[in-house]
Structure formats: structure tokens, C-alpha cells
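The values are calculated or read from the model by the stated rules, or taken from the named source; none is laboratory data. Treat the numbers as computed from the prediction; the structure is a model and nothing was measured. Glycine gets a Cβ as well: all are built from the backbone with ideal geometry, and neighbour counts include every protein chain shown.
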Amino acid sequence: MNVLDYAIVALYLGVMLWLGLRFKKNEAGTDYFLGGRQFGWFALCMSTMATQLSAISFVSAPAFVGLRAGGGMQWLTFEFAVPLAMIALIVLLGPVLRRSGVVSVYGFLEKRFGRGSRTLVSALFVVSRGLSTGVSIYTIGLILSSILGVPFWQTMAVLGGVTIVYSLEGGMKAIVYSEVAQMIIKVLGIVVIMFAGLHHLGGWDAFVAKVDRSRLNVVDFSSFGFDGREYGFWPMLIGGLFLYTSYYGTDQTQAQRILAARDELTVRRLLLFNGLFRFPVTLCYCLAGLVLGTFALHNAEFDAKIPANKPDLMVPLFIADYLPHGVIGIIVVALIAAWMSAYSSALNSLTAVTMEDFITPRIVIAKERYVRVSKLVALGWGAFTMFFGFFTGKIAVTAIEAINKIGSVFYGPILGMFLLAALGSRVRGGAANVGVIAGVAVNLTLWLCFKNVFWFWWNAIGGVTTLVVGCGVSAFTRLPAAGPEPVPAEPRVWPRKEIAILAGYFVLMIAFAVLLPRIF
């Protein structure tokens, strides 16, 4: 990097700080954590995707597609369940959560099962999100440090400090509106990388002639994920349905967008367009990885620079060595934007859950002091995650798999708890608590003792375990309620238009994935 590149990075960081100060005035918790519940669908959709398609996705998904042994375009199978999960959320959870009026999504559980259930699931969220955030900031901190030519601790201090400041000062408004710009920057960045790779390969025709054909296969209907094989169609579809329904509907980092929506129509549009926009963006990430992987395969100099045990360095090394100055600065900004979007959302959601689920139920805080205390809590989470980020390690070949493995332990059981609540069952809070603990315990057992079970199955297995155990304990024991009496099921709305669009899109995605090898 030269002076021009550093100037572009400095300008971006300055804009982020300004944005935090621009939205500094937050008079209440709903302003600070939910932006006054006045966001439209476009801003929320861009913010949602920016958080999901993080810096880990920016570097690790292309590495999986282009370099990882056993990788390839099968990464697209991650997207198969997204439209179906959006249908489930539109019908089952989205409108119910929006009407609940809560700030922390886990407050919804208290309305159904009592404070014990709310505290339990909030604790599970804090543990899982804290761990995954540590892995994320550590991995991308190392990568950005290598590109910027700045020591790791200085990179973490500056970028983490800026993110903490604008998240702390501006709250949800600063985060959402910054993520709209960050999402645009990230998509443009990955497209530039892809075309630059094609240029160095000699164009599209040369790429098609040189690409490893085995990496073009997407769908494997023969693998059920119980024999040590990964990324088969059925585990990705069924496990993914549980994962994405839970991630977008019960994880505070994403469900906060539903809670912040202007009205229920905005919620439906947010979920609809997220279900439609994710696949083409992920396809760009995958194609970029395929191009760079092909370039590495036919360029010994570039291939030699990529450590065999660190495929995530493929994209950063290409940026540093094969892009012109100025463009390098813009792409580094795209990486920083991706890192900041995920980190700021994690900080805001951790702070919201801590305030709403752990502090205010036990300590009376005057309305005029609420935002000030929230900022102190956000600062504390920032310090903790930064500290943890310095010492975290890797638990998978690529960082993006590490993040997903951590989440898959918890997503299914938490979704099971929310379904027991949202469907208005007769299950009591105590039984639901036993169910979610059993679901997490089963998943941890699978991780530690049953290595042949593909980890994507954990989402479905943990969710089903929670539902079965919760219903079973409630039916066969007289376990006392942990809170108020069960609430009758609310009437379901079936938006036929949105459901038809998402179902049709799901079919088109599968058809495209099956035909992809022939397209090349």
C-alpha cells in the first residue's frame, strides 16, 4: 500500500466516526437499539445482508471455493434453505416478534414462558455470539494487518476503536445506515477482484479452459452427512432451514432488524428481499473464489505465497500483489467495511441483550440515564471482545466454517424454544427450559463424540430434540410453570404473493445449481 491507499482508508474511517456522531442523539432504548422503529425495508435488508456477508465471507468463502480440499462451488448449497426459512419467518415468527414490542428478542420468551426462559436463552446467545465474534475479529485482524503493513495489535486497536466509537455513539441508526454503504462497497469490491482475476488469467475463455472442473459441482444428492462426508443436499437443506430460521428470527443481531421495522408490511418485505438478494451476492463471492483459485493453480508465484494451511490468505495476497494502488485502498476499505458491519452489529446486539435481559430487570435505571448506561455496557463488550480476539484460535480449516460450527450448536435448540412459544403450545416454561438444555447437550455430544455426523445437521437435530423433549417433559410430568400461563396461538397470516415468489425462487436456485457445470 502507498500514500493514496492509506488516505482512502483514513477517509473511510473518518466518515464512520462522523456517522456515529451524526446520530449521537438517542433519547430512549428504542432509539438507541431499534432506531425508533422507523426503518424501511431497503435499509434493513441491506443492513441484514451486510451483517451476514461479513469480512469472513469476503475472504473465507472464496478460499473455500477456490483452494480448500473438498471445496468448490458446493458452497452455494449454503443458500438453498434461505427462501424456505424466509417463508417460515413471514408466517410464524416475523409478525409475532414485531407485534411483541420488545427490545431484546428474548423478551418475547418471557411473555410466553417467564423470566427463567428468557435469561437462559439470553445466556446461550451471549456465549455463542461472544465466541463467534472473537473468532471473526481475530481472523480478519490478522488479514488486515498483513495488507496494511501494520502490527496486529495496532490494526485491532484502530479499527476496533473506530467501530466501538461509532456503534457506541450512534446506536442502531448509525449501524444500519453505515451498513447500507458498507454492503455496496463490499459487493463492488468482490466484483473488482473477480474481474481483476479474469484479467490476469487472460479473460473469460481462458478461465473456462483452465478451471478445475471438479470444483464446478454444486449439488450432491447421494450424501446424507452421516458418513463423514460434508455439504450434501439433504443436510444443507434441512439443517439450513433450521439454521436460517433461527439466525434471522431468534439471533438478536438479525432479529433486531425485525423489531426495528416500521410495520409488519416492512417485515414481510425485509424477509422477502433478503431471501431474493442473498443468492446472487453469494454467487459473486463464489465465482471470485473460483477465478482466484484457478489463477493460483496456473501461477506458481502466486500459489507459492499462499500457505497450505491458511487458504483464507488467498484474497488478501491477491489484493496486495495484483491490484493497482488506489484500487487496493478501495478494496481494503471493502474488507474493513465488512469487518465493521459484523462487529458493530454484534456489539449492539450484545449490549441490547445485556441491558434488557440482565441489568434492567434487576436494577432500576432512570429513563434519562438509560442510553448513558447502555453506552458503558457497549464499551465493556467492546473491550471484552477485543481482548478475546487477541487470544482466540481456529477450530476449522477456514474461519467461516469455524463461525458456523459455533452457531450450529445453539441455533437449532434456540429455534425450538421460540417455536414452542410462538405456536402457542401447552408446553410450560420449565419443560421448555429442559428441552433447550437437552438440545444443546445433544449437539455438544455430536461435536465431541460423533465426528461422522456433518455439523450442519446439528441445527436440525438440536431443534427437534428441544421440541420433543419440551413437549415430552410437559406431557409426562407435572413440572410447574416458570412464568405466566401459556398464551393461545395467534392467528396466522399467509401472504400468498411472498410465499409464491420465495417458493418459485427456491426451485430456480436448485435448477441453476444442478445445471451450473454445464454452463461452463
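The numbered conditions (1) over 23 Å from Thr48 (Cα atoms); (2) touching a helix residue (DSSP H, G or I) at 6+ places or on another chain (Cβ under 9 Å) are all true for Ser344 except (1).
When only residues in region 74-104 that are of a type in the set (A, V, I, L, M, F, W, C) and at pLDDT below 85 count, which is surrounded by the most Cβ atoms within 10 Å (Cβ to Cβ)? Ranking the candidates gives Leu93 first.
If you check Ser178, Ser222, Ser136 for being in a loop (DSSP other than H, G, I, E, B) and not hydrophobic (A, V, I, L, M, F, W, C), only one passes: Ser222. Under the condition of being in a helix (DSSP H, G or I) and at pLDDT below 85, the residues counted in region 384-418 number 17. Checked against (1) in a helix (DSSP H, G or I); (2) without any contact (Cβ under 8 Å) to a residue 60 or more places away in the chain, Leu350 meets all criteria but (2). Among the residues of region 225-246, is any basic (Lys, Arg), more than 16 Å from Val91 (Cβ to Cβ) and touching a Cys at 6+ places or on another chain (Cβ under 9 Å)? No, region 225-246 contains no residue that is basic (Lys, Arg), more than 16 Å from Val91 (Cβ to Cβ) and touching a Cys at 6+ places or on another chain (Cβ under 9 Å). Pairing residues of region 65-84 that are farther than 26 Å from Ile499 by Cα and charged (D, E, K, R) with residues that are modelled with pLDDT under 95 and part of a helix (DSSP H, G or I), at Cβ distances under 6 Å and at least 6 apart in sequence or on separate chains, gives Arg68/Pro311.
Scanning region 434-458 for residues that are in contact (Cβ under 8 Å) with a residue 12 or more places away in the chain, of a type in the set (S, T, N, Q) and more than 17 Å from Val127 (Cα to Cα) turns up just one, Asn452. Tell me, yes or no, whether region 37-60 has at least one residue that is farther than 22 Å from Tyr247 by Cα, in contact with a helix residue (DSSP H, G or I) (Cβ under 7 Å, 6 or more places away or on another chain) and part of a helix (DSSP H, G or I). Checked region 37-60: no residue is farther than 22 Å from Tyr247 by Cα, in contact with a helix residue (DSSP H, G or I) (Cβ under 7 Å, 6 or more places away or on another chain) and part of a helix (DSSP H, G or I).
Listed here are the residues, each with its yes/no results for (1) more than 24 Å from Ser132 (Cα to Cα); (2) hydrophobic (A, V, I, L, M, F, W, C).
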site: Phe58; (1), (2): no, yes
site: Leu67; (1), (2): no, yes
site: Glu79; (1), (2): no, no
site: Met86; (1), (2): no, yes
site: Val91; (1), (2): yes, yes
site: Arg98; (1), (2): yes, no
site: Val105; (1), (2): no, yes
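Among the residues that make up region 419-435, is at least one of them modelled with pLDDT of 85 or more, part of a helix (DSSP H, G or I) and closer than 25 Å to Leu283 by Cα? No, that holds for no residue. All conditions but one from (1) farther than 30 Å from Trp494 by Cα; (2) modelled with pLDDT of 90 or more; (3) assigned to a helix (DSSP H, G or I) apply to Leu313; the one that does not is (2).
Checked against (1) over 17 Å from Ala352 (Cα atoms); (2) modelled with pLDDT of 85 or more; (3) crowded, with 24+ Cβ neighbours inside 10 Å, Val3 meets all criteria but (3).
This table checks each residue for (1) in contact with a Lys or Arg (Cβ under 8 Å, 6 or more places away or on another chain); (2) surrounded by fewer than 24 Cβ atoms within 10 Å (Cβ to Cβ); (3) farther than 12 Å from Val126 by Cβ.
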| position | (1), (2), (3) |
| --- | --- |
| Tyr322 | no, yes, yes |
| Ala338 | yes, no, yes |
| Ala342 | no, no, yes |
| Thr360 | no, yes, yes |
| Ile363 | no, yes, yes |
| Ala366 | no, yes, yes |
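Please verify whether region 283-292 includes one or more residues that are farther than 14 Å from Ala50 by Cα, hydroxyl-bearing (Ser, Thr, Tyr) and in contact with a helix residue (DSSP H, G or I) (Cβ under 6 Å, 6 or more places away or on another chain). Among the residues of region 283-292, not one is farther than 14 Å from Ala50 by Cα, hydroxyl-bearing (Ser, Thr, Tyr) and in contact with a helix residue (DSSP H, G or I) (Cβ under 6 Å, 6 or more places away or on another chain), which makes the answer no.
Would you pick out the residues in region 194-251 that are among the aromatic types (Phe, Trp, Tyr) and either within 25 Å of Phe418 (Cβ to Cβ) or buried (at least 17 other Cβ atoms within 10 Å of the Cβ) (or both)? Correct list: Phe207, Tyr231, Phe233, Trp234, Phe242, Tyr244, Tyr247, Tyr248.
If only residues of region 143-164 that are surrounded by fewer than 18 Cβ atoms within 10 Å (Cβ to Cβ) and aliphatic (A, V, I, L, M) are counted, the one that is nearest to Thr385 (Cα to Cα) is Ala157.
So that you can scan it fast, the table gives a plain yes or no per residue for (1) modelled with pLDDT under 95; (2) outside any helix (DSSP H, G or I); (3) surrounded by 24 or more Cβ atoms within 10 Å (Cβ to Cβ):
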position	(1), (2), (3)
Gln256	yes, no, yes
Leu265	yes, no, no
Phe273	yes, no, no
Thr282	yes, no, no
Tyr285	yes, no, yes
Phe302	yes, no, no
Ala308	yes, yes, no
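Taking region 8-26 as the search range and keeping residues that are surrounded by 15 or more Cβ atoms within 10 Å (Cβ to Cβ), within 16 Å of Gly160 (Cα to Cα) and not aliphatic (A, V, I, L, M), which one is modelled with the lowest pLDDT? Among those residues, the one meeting the criterion is Gly20.
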